[in-house]
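Report on the following structure.
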Amino acid sequence: MLHILSIENRSQVNELFAKYNPREQSWLVSDLRTKFELQQKILARDGQYIDESVLRASDLWKMLLKRLEPRLRLVSDPFARSLLRTIMDDNADVLGVNSSAEDTVFSYIDQLAAIIFHPDGSKRLDEWFETHEEAKNRWRDWYLRARFCAIKLIEEYNVITSDWITSYLQNFNELERVWNIPLIVDLSGEISRVEAEILRVISRSIDVIVLEPSPEWRKDFHFLLRPYEDLRGQAASVGKLQPVAKTEKKTDVLRFSGMLAEIKNSVGQAREWLSSGIEALSIAIVAPDIETYWPVLQSFLAEEGIPYQKDITHKAQSLPSVTRWLATLRSKSGRLSSSDLEISFFDKHESQQVRYEEFKALFKSLYVNEDLARNEIVHKIFSDQLDVTGLVTRDEFVLKALSYWNSNETEIVQLVLRELLQNATANTKLIWKEWLSYLESIVAAKEFSLEKGEPSGILVTKLMSAHSEKALYRIFLGMTDEALKVKNKTQLSGQDYFELAKDIGFYLDNPDQSDLEFELRLLAEANSKYDIYCFGATDLSGSLCSPSTFWMSLSGEDHEHLTLPKETRWDELQYSELASGRQWLDARRSEVEARIDMDLGHQPTPAIVLKDLPRISASAIESFLECPFIFAAQRYFKLKDLPDIDLDVDHRTRGQLAHALFERLTIEPMRFDWTVSELDELLESARKEKELIFADERLWQPLKKKHIQLGTRFLDFEKKWREEFKKTKTLAREKRFEFYLDPKTEELSREPIAGGFRISGQIDRIDGNDQKHLIVLDYKSSAGGITSHSSWLKNNQLQLLFYMWVLEKALMEDVKGEVIGLFYYIFRTFDRKGFKIEDLAGHLYPASKRKDKNATFEAKELYLTEFSKVLMMTLDRIRQGEVSPVPADDQTCNTCEWRRQCRAPHLN
């Protein structure tokens, strides 16, 4: 028979528990922690208990299903989703959507299971849609898709998830035949209309006592508590438990800047309670989702030395061996991604042959398997792809997947595969992609225990498991709307839920009435001595949060008042003037403080000791003067900033191609009758020689066409130029040079000098005439960043001055003469900008339109003198090991590739 007992407070349950016989009755609860606590109470009272003494509701429903429908297998949500995606792809024409809509369809099955599995559910809903046209247009098609897929899962695949069991049990009238143990039902707000109906049917043959929460404010949750009203109408008796006198309690309502402040205050408060003599078992830290807080909260509790009951667990997917395994499987399955390729490649010994920066530049953007050919070593390893076509059985998938497991840590892979084998039968067939997605879902959810919680420690738990007689000092975290409200993933509106209940009697779980809020209010009325309710204005990622209605309704200090968190052990360590007792810090204290002073700019960065002097070039000198740290990153630390290969061809590749084109077109005697086919062949040859790689081979043809046009325009311009300046000859193209310089004596030599700098470089082009006059040309794609020659020294633009200095010192054997011009050759517009001696205009270049007072021999000699001083001073600073992160202009840091590694004071 069915009996209803109303309770206003959780403390009233003690009266019923005193009469409860665990050998003849089952106490039904909603969560594992409450089940465990009740078992401990029974053990303390009676010395023993049987498995059925205390049951979770979900365990009871599973037992009933197994006895009534043994053909159905209970599977996890991830496996059901994998099967669902298969069904949706196989029936995409019928459904109108494919597996990309799997999450939406699964949400509809979860939400509408009570209607989908009810014998008359579809008929009643169709009738309801006839009078609710707007709702019909909004979500009827999704309901039909969800129903189609759910029936397929049940009838063809013989699987069901735990959330659907009670809805499916509606189809059986003989429920009382398979259960004969009297029940005490203690589910609070976590009871659905379908579960209430199952309990009513069971009560026809056994006694079922239902504890109905009846607080004064129950009308605020009328929809959530409607199942109890239905049971009242069917009950043989309705009674009340004896009221319990409410104890006085202290309540604080606190607002914090964020979740971290909530955590600090909670730990500080727990420490104060423990220091005042309160037992750890009497303290509870509760949150709607405690896992959000736990990683940070655990660190603070551990440092504080506060014991806690919660286990320390680790996600399987955080283990390097598991990460590498999944990355390799994805890479071998054609699911290319830069991160997966990186993880799986650098786990192999062949990776030692490829620099990391080169790998990142080559494979940052991946699109198709052919992209692996960008590097021969990578292509050799990953070109042999798995055959992922057709259906694959469970055992075939497990065998192939295990063949790529290359770690001695077998415990975790056993844990993962055990769940896969439990959910999928040997004859289950899915495509490889679905098996791999399912494996990823298992890994993402699977946890393993690193350290067991302390049974006598403080209680750290989620809101739905927070009922405890022992916890009298409670801290509630996360009192936000975001944490307490359930997100609705379907198109059903709040009005739809109410009208479905009113018109056809289906009380679905309404997201607008959260069982979390209900449980929170029940907990607030439970007996305790001190409750603290905390709201953090931001989460751990910095996103803004909204205070919950319940928190706002509590009386206390001004809800806008911001509370400073209590101090913790971490604060003491940070601010303490005393030695911390940590050996690693005590031994390095002076070093750490010195490093901090350097980061703050209070002390100079010490010079490094050079074993060998670095190689010097024009760009190296400019880099050092721009910022010594940039020079150090490139020359000492050997860091590289290579352009990424992507669909947008980088400037470096374009520049290499243009330089190679001009180098070949300016071979003397210079031809001006190159045909398009000859230019085509020239560019193909240049690409092969330079080993240029493109993200997509289709990018090459338009780029080549563009450079053929560039070559034609270049020839036309050069022909006109040489018709005007007939004695012009190109004396050198991409001309390399190398010599040695003693920084102490300033001696120059083409032979190595002990303790000297090796200086090298490459000049794009040198033109000259029969009078031994020379001009230096440096190709540029645009005029961006180019300044007038009068500002070159000031702006540290020393490249052309450096080349002039080399030529004037006669450091090139086969190029002799006097430099009379230095030009940036802008090949987009074919302009020449730079320095020239006006008195010699007409020989190799035209006269300026406006008189330039600095275009003289005297100015040239001054440039050489000043450059020589800058060069020697810079080489001396390099020789002394200067690496200070002091840029010539702080704006340089905004675009510097090494700013993440830099310790410049203004960046700290």
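The values are calculated or read from the model by the stated rules, or taken from the named source; none is laboratory data. Nothing here was measured: the structure is a model prediction, and the numbers come from that model. Positions of Cβ are backbone-derived with ideal geometry, glycine not excepted, and every protein chain shown enters the neighbour counts. With ligands, DNA and RNA removed, areas are computed over all heavy atoms of the protein, side chains included. Shrake-Rupley method; radii C 1.70, N 1.55, O 1.52, S 1.80 Å.
Observations on the model:
- The calculated P(r) of segment 73-168, using every Cα pair and 10 Å bins from 0, goes 16, 50, 29, 4 in percent.
- Under 14 Å from the Cα of LYS485 - aspartates and glutamates, other chains or at least 8 residues apart: ASP289, ASP509, ASP512, ASP515, GLU517, GLU519
- For a straight C-alpha distance cut-off of 20 angstrom, the aspartates and glutamates reachable from LYS66 (same-chain residues fewer than eight places away being disregarded) are ASP51, GLU52, ASP77, GLU155, GLU156, ASP163, GLU174, GLU176, GLU195, GLU197, GLU419.
- Computed magnitude of the charge dipole of segment 655-754 (debye, nearest 20; Cβ of K, R +1, Cβ of D, E -1): 400 debye
- Highest mean packing first, where packing is the average number of other Cβ atoms within 10 Å per residue, the peptides 305-314, 853-862 line up as 305-314, 853-862.
- Share of carbon and sulfur in the accessible heavy-atom surface of segment 316-451 [1.4 Å probe, %]: 50 percent
- Ordering PHE397, LEU274, GLN495 by the projection of their Cα atoms onto the charge dipole of the chain, which places +1 on the Cβ of Lys and Arg and -1 on the Cβ of Asp and Glu, puts PHE397 at the extreme positive end.
- Projected-area average for segment 485-550 over all orientations - Cα convex hull basis, square nanometres: 6.7 nm²
- Selection from SER619, VAL413, LEU319, by position along the positive dipole direction of the chain (Cβ): SER619
- Under the shape rule built on the C-alpha gyration tensor, where the axes satisfy a ≥ b ≥ c, segment 436-509 is oblate, since a/c reaches at least 1.5 while a/b does not exceed b/c.
- Placing R0 at 60 angstrom, the Cβ-Cβ distance between GLU229 and GLU697 gives a FRET efficiency of 0.30 after rounding to 0.05.
- Screening the chain for whole DSSP H helices of 15 Å or more along their axis (Cα) with average Kyte-Doolittle hydropathy at least 0.0 returns 57-68, 102-116, 290-304, 411-423, 432-445, 515-525, 857-879.
- Database remark: amide H of GLY834 closer than 5 angstrom to the amide H of TYR824 (H placed geometrically; neighbours at sequence offset of 5 or more, or on other chains; Pro and chain starts carry no H).
- Cβ charges +1 (Lys, Arg) and -1 (Asp, Glu), total dipole of segment 73-168, debye: 140 debye
- SER456-ASN91 pseudo-label distance in nm [points 7 Å out on the Cα-to-Cβ vector]: 5.9 nm
- Under the simplified labelling scheme, the MET552-GLU746 pair shows an inter-label distance of 7.8 nm, with each label point 7 Å from Cα along Cα→Cβ.
- Note that segment 535-541 has calculated 3J(HN,Hα) couplings of 10, x, 5, 9, 8, 5, 8 Hz, one per residue in order, obtained from phi through the Karplus relation 6.51 cos²θ - 1.76 cosθ + 1.60 (θ = phi - 60°); glycine and proline are x.
- Of all DSSP beta bridges in the chain, antiparallel share, percent nearest 5: 40 percent
- Segment 820-840 residues near the modelled ALA847 label - backbone nitrogen below 16 Å, point 7 Å along Cα→Cβ: 836-840
- Sparsely packed loop sites in segment 60-156 (the GluC sites (Glu not before Pro) outside DSSP H, G, I, E and B with at most 12 other Cβ atoms within 10 Å) comprise GLU156.
- Under 5 Å, built H, 5+ apart or other chain: amide partners of GLU8: SER214
- Cβ-Cβ distance of GLN353 and LYS690, R₀ of 30 Å, FRET efficiency by 1/(1 + (r/R0)^6): the value works out to about 0.90.
- When segment 832-907 is reduced to its Cα atoms, the Kirkwood hydrodynamic radius in Å: 16.3 Å
- Normalised by residue count, segment 728-882 yields a Cα convex hull volume of 123 Å³ per residue.
- Estimated FRET transfer efficiency when R0 is 25 angstrom, pair GLU376-LEU642 (beta carbons, to 0.05): 0.90
- Entries of LYS726/LYS772; LYS727/LYS836; LYS470/LYS529; LYS315/LYS380; LYS462/LYS502 with Cα pairs more than 22 Å apart: LYS315/LYS380; LYS462/LYS502
- Given charges at Cβ of Lys, Arg, Asp, Glu: the chain dipole, positive-most of ASN795, THR745, ILE263: THR745
- Phi to ³J(HN,Hα) by Karplus 6.51 cos²θ - 1.76 cosθ + 1.60 over segment 819-825, Hz, x for Gly, Pro: 7, 10, x, 10, 9, 8, 9
- Between GLN495 and PHE717, the contour length at 0.36 nm per residue exceeds the Cα-Cα span by 72.3 nm.
- Based on Cα contacts under 8 Å between residues 6+ apart, the chain shows a relative contact order of 14 percent.
- Local electrostatic count, SER553, Cβ distance below 12 Å [Lys/Arg +1, Asp/Glu -1]: -1
- A cut-off of 5 Å between modelled amide H atoms, ignoring neighbours fewer than 5 places along the same chain, links VAL185 with LEU28, ILE209, VAL210, LEU211.
- 3J(HN,Hα) along segment 158-172: 6, 10, 8, 9, 4, 6, 9, 4, 4, 5, 6, 5, 4, 6, 10 Hz, from the Karplus curve 6.51 cos²θ - 1.76 cosθ + 1.60 with θ = phi - 60°, whole Hz, x for Gly and Pro.
- Cross-link pairs LYS35/LYS240; LYS688/LYS735; LYS152/LYS429; LYS360/LYS638; LYS332/LYS364; LYS704/LYS794 - those with Cα-Cα distance over 27 Å: LYS704/LYS794
- Extension gain for ASN427-LYS219 works out to 69.7 nm (0.36 nm per residue, less the C-alpha to C-alpha distance).
- The length gained on full extension between LYS19 and ASP311, counted as 0.36 nm times the residue separation minus their Cα-Cα distance, comes to 101.8 nm.
- Over the chain, accessible surface divided per residue gives 49 Å², non-protein components excluded, 1.4 Å probe.
- Inter-site label distance for TYR404 and ASP289 at 7 Å from Cα along Cβ, in nm: 3.0 nm
- Cα convex hull, segment 316-451: 117 Å³ per residue, rounded to a whole number.
- Residues in segment 749-778 reached by a label modelled at ASN854 [backbone nitrogen below 19 Å; 7 Å Cα→Cβ]: 776-778
- Counting only lysines at least 8 places from LYS744 when in the same chain, those with an alpha carbon closer than 21 Å to its own are LYS611, LYS809, LYS869.
- Just the protein heavy atoms count here, and of the accessible area of segment 73-168 at 1.4 Å, carbon and sulfur take up 41 percent.
- Here the dipole of the chain is about 1960 debye; that uses its Cα centre as origin and unit charges on the Cβ of Lys and Arg (positive) and Asp and Glu (negative).
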